[in-house]
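Right, one structure below, let's go through it.
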C-alpha cells in the first residue's frame, strides 16, 4: 500500500446502531478526531431530530462537519467530499487519526472510492425544470420515473429526498447514463486512503428496530417536537427539513393528526431508512462487520475493533 496514502478509519451502519459511541471510544483509543458522514447533521438546526452528539456525549473528542451549513442552503455530495478531504488532511497533519462516522452511504463511498466530481455534469436549466415539475406534480411522480430509469438508485434514495431524486434525473438527462452507472464510471481505481472499514450490524433485525423505537421516544422526551415546531413556525424550509422526524410531525403542527401517531410514523420511517442503509452497506466487501446484538460486552467490541485496525495496518 503506497506510503503517501492518508489513513482513514470508517465506522458505518444504520441509524441507532451505536456508531457515535463507538466512534468516540475509538477516537480516545487511537488519538483520533471524528468526521461526520451524515447528510442531515451537516446542517444547522434540528439538533435533537438528527441525533447530533451533545458536548457531553463527545467527551472532548473533536467532531467535524456537523452544523456547518445553513438549513436552507444547497449542498451536494461533491461539496461533502471536498470538505471531508480537507478535514482528513487537517487531522492527519496534526498527527491524529481521522475517523469517519456516519450512515450516509453515498457520502462514505463517494469519499473512500475517490469519485471524481471535478467534471461533474450540471445544468441549472434542467434542474429548475425538474424542480418545477416536482412542485407541480409532486416528487412522487419524479421518483416513479427514476424507478423506471434506474431502479438501483431508486432503491437507495428515499422518495422524500427531492435533491437526490432531481440530481439523479438531471445526470440521466445530461449524459444518458443511469446515476448508478455514472458513479461507477467516475470512481477511482482504488481508494485514495489507507482504509479500515467497520460496520455495525444486527443479526436480529428486530433488536435494531427496538433500539430505533426507543430512541424516537427519548428524542421526543428531550424536546424533538418543540425543536421541529420552531423550525416549522419560522418556515425555514430547506434540505434539512427532509430529515426523518421533521416532515412526519407536520400533520400534528397543522392539527390533522396526534403527536403519538406522528411519532409512530417517525419510528416507521426510521426503520425503513435503517433497512435501506443496510442494503447499501452490505454491498461493500471491505466492511468488517460487528454484530452488536451478539456481543453485549463493550470492552469485547473494542478489542475486536483494535484487532481489525491492527490487521489492516492503517496506523
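Bear in mind that the values in this text are calculations on the coordinates, not laboratory data. Bear in mind that the values here come from a model prediction, so they are computed numbers and not experimental data. Cβ placement follows ideal geometry from the backbone for every residue including glycine, while neighbour counts extend to all protein chains displayed.
How would 34, 207, 165, 309 line up from fewest to most surrounding beta-carbon atoms within 10 angstrom?
Placing the least packed residue first, the sequence is 207, 309, 165, 34.
Sorted from largest down, what three extents in whole angstroms do the Cα atoms of the chain have along their principal axes?
On the principal axes, the chain reaches 54, 47, 34 Å in Cα extent.
Using a 10 angstrom cutoff on alpha carbons, build the Gaussian network for the chain and name the most mobile of 271, 145, 96.
Of 271, 145, 96, the Gaussian network model singles out 145 as fluctuating most.
List 52, 129 from most exposed to least, where exposure is judged by having the fewest other Cβ atoms within 10 Å.
Starting with the residue having the fewest Cβ neighbours, the order is 129, 52.
Alpha carbon centre of the stretch 129-145 versus the stretch 10-84: separation in Å?
31 Å
What's the center-to-center distance, using Cα atoms, between the stretch 173-228 and the stretch 283-315 in Å?
Using only Cα atoms, the two centres lie 18 Å from each other.
Take the Cα of residue 137, step 7 Å along the line toward its Cβ, and report every residue of the stretch 171-185 whose backbone nitrogen sits under 17 Å from that point.
It comes to 171-174, nothing else.
With an 8 Å cut-off on Cα pairs and a minimum separation of 6 or more residues, tell me the relative contact order of the chain in percent. Show your work: numbers first, answer last.
Numbers: 443 pairs, mean separation 86.8, N = 315.
So the answer I get is 28 percent.
Roughly what would the spin-label model give for residue 272 and residue 218, points 7 Å off Cα along C-beta, in nm?
So the label points at residue 272 and residue 218 sit 2.5 nm apart.
Return the distance in nm (one decimal) between the two label points of a simple spin-label model at residue 74 and residue 57, each offset 7 Å from Cα along Cα→Cβ.
3.1 nm
Give me the one-decimal nm value for the distance between modelled label points at residue 297 and residue 204, 7 Å along each residue's Cα-to-Cβ direction.
Placing both labels 7 Å along Cα→Cβ, they lie 2.0 nm apart.
Which ordering of 38, 204 is given by a fewest-first count of other beta-carbon atoms within 10 Å? Please list the in-between numbers first.
On the way: 38 22, 204 11.
Arranged by neighbour count, lowest to highest, 38, 204 become 204, 38.
Rounded, prolate or oblate: pick one for the stretch 124-184, where a ≥ b ≥ c are the square roots of the eigenvalues of its C-alpha gyration tensor, a/c under 1.5 means rounded, and failing that, prolate if a/b is larger than b/c, else oblate.
Working: a/c = 2.00, a/b = 1.24, b/c = 1.61.
Note, shape of the stretch 124-184 comes out oblate.
Using Cα springs under 10 Å in a Gaussian network model of the chain, which residue among 256, 127, 286 shows the largest mean-square fluctuation?
Looking only at 256, 127, 286, the biggest GNM fluctuation is shown by 256.
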